[in-house]
Amino acid sequence: MTSLLQILLIAHIIFGLLGVVGFYAVWMVLLKRNPTPKFLKLSSLWGLIFLIVSWLTGGYYYATFYGASVKPIVKASAYPWAHNLFMEAKEHVFLFMPFLAVVLTLVIWLQHEKLNAEVGGLKHSLVLVAGIITIIGFIVTFAGIIISGAVR
Amino acid sequence: MDKKIRISSAAVLSSIIVIVFITAITIIADLNPALKDWLKNTFSHHWIGKGILSVVIFAVLTFLFSILPAKDSDAGLAKKLSGLFWISVLGTLAIFGFYFYEALLAV
């Protein structure tokens, strides 16, 4: 693996985790009685930016290197299910995250003045969306750990 | 009409459709090699193809839904966001369930 690909893989992991941290923070703050709109706006934007960068860096690594060089090793190992189940599911479920993140960030930025009052259940629904982004982020991270373990 | 509600609702509705699209094309392309090959030949990689198509669908639908006349409200936006949550849960379960079957149960 070239140095560029190593850097991209590490960047994918670090930026992905930073993105999930941002949305976890949004989730926790939304659960408070009086969430801080400024914090929610910055934290959701932080999460969105890092998630997009993680998508691009991981995507380049995946599309140019993983399939040709890593996938055959995993499939020939004692743990072929690490690719057949976890990688296949991870790479596709990951695609949900940018859209969920864009929507959550957009709604927080456009509707932030309504978040301190329970307007039509908006805050409760945003809690659900922030939660599912965080949980999918954890699942994707866990799947990545399994795949890395299978390569070794 | 509150323009902010209109744009928010349009984006949420579009993302619901995109998540259904991602789930469907993931499963259908895995069962239909011709579709997977088309994605690969057109976009250089099937996963890149799914990503690009999803972004295009999201952008086009968000634009269309935001200019089409519709009744929007805070309660309606909240319902759409809850729908987005449930669609995401079902999509995640469908994709993991499908690959669980393909990897461990299908012979």
Counting pairs of alpha carbon atoms under 8 Å apart in space and at least six apart in sequence, what relative contact order in percent does the range B:3-105 give? 47 percent
What percent do you get for the relative contact order of chain A when only Cα pairs under 8 Å and 6+ apart count? 35 percent
Starting from the Cα-Cα distance between residue A:49 and residue A:31, subtract it from 0.36 nm times their residue separation and give me the gain in nm to one decimal. 4.2 nm
In whole angstrom, how far apart do the alpha carbon centroids of the range A:85-131 and the range B:40-93 sit? 12 Å
The lysines whose Cα lies under 25 Å from the Cα of residue A:71, excluding any fewer than 8 residues away in the same chain, are A:90, B:36, B:40, B:50
State the answer as a single residue: which of B:60, B:17, B:95 lies farthest towards the positive end of the charge dipole of chain B, with beta carbon charges of +1 for Lys and Arg and -1 for Asp and Glu, about the Cα centre. B:60
So for R0 = 35 Å, FRET eff. of residue A:69-residue B:86 from the Cβ-Cβ r, to 0.05, ends up at 0.35
Ordered by residue, what ³J(HN,Hα) values in Hz, to whole numbers, does the range A:6-19 give under the Karplus form 6.51 cos²θ - 1.76 cosθ + 1.60, where θ = phi - 60° and Gly and Pro are x? 4, 5, 5, 5, 5, 4, 4, 5, 5, 5, x, 5, 4, x
Anchor residue A:32: aspartates and glutamates whose Cα lies under 19 Å away (excluding residues fewer than 8 positions away in-chain): A:113, A:118
Between the helical axis of B:46-67 and the dominant principal axis of chain B, each derived from Cα atoms, what acute angle in degrees is found, rounded to the nearest 10? 20 degrees
Exactly which trypsin sites (Lys or Arg not before Pro) in the range A:1-66 are in a DSSP loop and have at most 14 other Cβ atoms within 10 Å? A:32, A:33
Partners for residue B:71 among aspartates and glutamates (Cα-Cα distance below 15 Å; same-chain residues under 8 apart left out): B:2
Tensor-based shape of chain B (alpha-carbon gyration tensor, a/c under 1.5 rounded, otherwise prolate or oblate): oblate
In nm, what is the difference between 0.36 nm times the number of residues separating residue A:6 and residue A:145 and their Cα-Cα distance? 48.4 nm
Angle between the Cα long axis of helix A:37-61 and the longest principal axis of chain A, 0 to 90 degrees, nearest 10? 20 degrees
Let's see if you can work this out: charge +1 on each Lys and Arg Cβ, -1 on each Asp and Glu Cβ, no other charges. What is the dipole magnitude of the range A:14-152 about its Cα centre, in debye to the nearest 20? 200 debye
Which angle from 0 to 90°, rounded to the nearest 10, does the C-alpha axis of helix B:74-100 make with the longest principal axis of chain B? 0 degrees
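Every number here is computed from the coordinates shown, using simple stated rules; none is lab data. The structure presented is a predicted model; accordingly, all values stated were derived computationally and were not measured. So basically every Cβ, Gly included, is an ideal-geometry build from the backbone, and we count neighbours across all protein chains shown.
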